[in-house]
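The values are calculated or read from the model by the stated rules, or taken from the named source; none is laboratory data. The shown structure was predicted, so the numbers you read here are calculated from the model rather than taken from an experiment. Positions of Cβ are backbone-derived with ideal geometry, glycine not excepted, and every protein chain shown enters the neighbour counts.
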Amino acid sequence: MDYENIIHSLIDSIVEDPSSVLIRVSEGNSAKDVLIIIAAEKNDTARLIGHKGTIANALREVVGIAGKSENKHVHLKFESFEDDKMGD
């Protein structure tokens with residue numbers, strides 16, 4: 001299944017700069033697990049998570065349903081490009 005394409009179709013209208021969003025899909029701990037990491041600028045990551053995680057939970061629900069069609073358990077993780085930068 002093309003999880004990357006599914007996620008882009010869902011989030012491109014939410015983020016300010018869709019071309020800067022990176023999506024990495026990899027196998028999880030078992031053959032039935034899929035790990036999807038969505039990395040974006042800090043403000044776009046905040047938009048993707050939403051107030052009290054509502055948007056993130058909705059995205060997890062949609063990709064989870066897509067994964068069930070292949071008997072997979074999909075884990076969605078959000079990261080910000082600024083996570084590694086520390087201010088002095």
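Taking the residues in segment 44-80 that are surrounded by fewer than 18 Cβ atoms within 10 Å (Cβ to Cβ), more than 11 Å from the chain's Cα centre (by Cα) and basic (Lys, Arg) as candidates, determine which candidate is nearest to Ile11 (Cα to Cα).
Looking at residues that are surrounded by fewer than 18 Cβ atoms within 10 Å (Cβ to Cβ), more than 11 Å from the chain's Cα centre (by Cα) and basic (Lys, Arg), I get Arg47.
For segment 18-33, check the following and say yes or no: at least one residue is of a type in the set (Lys, Arg), in contact with a Phe, Trp or Tyr (Cβ under 8 Å, 6 or more places away or on another chain) and loosely packed, with under 15 Cβ neighbours inside 10 Å. Explain how you work it out, then say what you get.
Pass one, segment 18-33, residues of a type in the set (Lys, Arg): 24, 32.
Those left that are additionally in contact with a Phe, Trp or Tyr (Cβ under 8 Å, 6 or more places away or on another chain): none.
So far as segment 18-33 goes, no, none of its residues is of a type in the set (Lys, Arg), in contact with a Phe, Trp or Tyr (Cβ under 8 Å, 6 or more places away or on another chain) and loosely packed, with under 15 Cβ neighbours inside 10 Å.
Without any contact (Cβ under 8 Å) to a residue 12 or more places away in the chain, surrounded by 13 or more Cβ atoms within 10 Å (Cβ to Cβ) and more than 9 Å from the chain's Cα centre (by Cα) - does that describe any residue in segment 9-16? Before the answer, list the steps.
Narrowing segment 9-16 to residues without any contact (Cβ under 8 Å) to a residue 12 or more places away in the chain: 9, 12-13.
Still in the running and surrounded by 13 or more Cβ atoms within 10 Å (Cβ to Cβ): none.
Checked against the condition, which is being without any contact (Cβ under 8 Å) to a residue 12 or more places away in the chain, surrounded by 13 or more Cβ atoms within 10 Å (Cβ to Cβ) and more than 9 Å from the chain's Cα centre (by Cα), segment 9-16 yields no hits at all.
Consider Asp2 against the criteria (1) modelled with pLDDT under 95; (2) under 14 Å from the mean Cα position of the chain (by Cα); (3) of a type outside the set (A, V, I, L, M, F, W, C); (4) surrounded by 12 or more Cβ atoms within 10 Å (Cβ to Cβ): it satisfies all of them except one. Which criterion is unmet?
Checking Asp2 against (1) modelled with pLDDT under 95; (2) under 14 Å from the mean Cα position of the chain (by Cα); (3) of a type outside the set (A, V, I, L, M, F, W, C); (4) surrounded by 12 or more Cβ atoms within 10 Å (Cβ to Cβ), the one that fails is (4).
Mind checking which residues of segment 27-59 are in contact with an Asp or Glu (Cβ under 9 Å, 6 or more places away or on another chain) and part of a helix (DSSP H, G or I)?
Lys42, Asn43, Asp44, Thr45, Arg47
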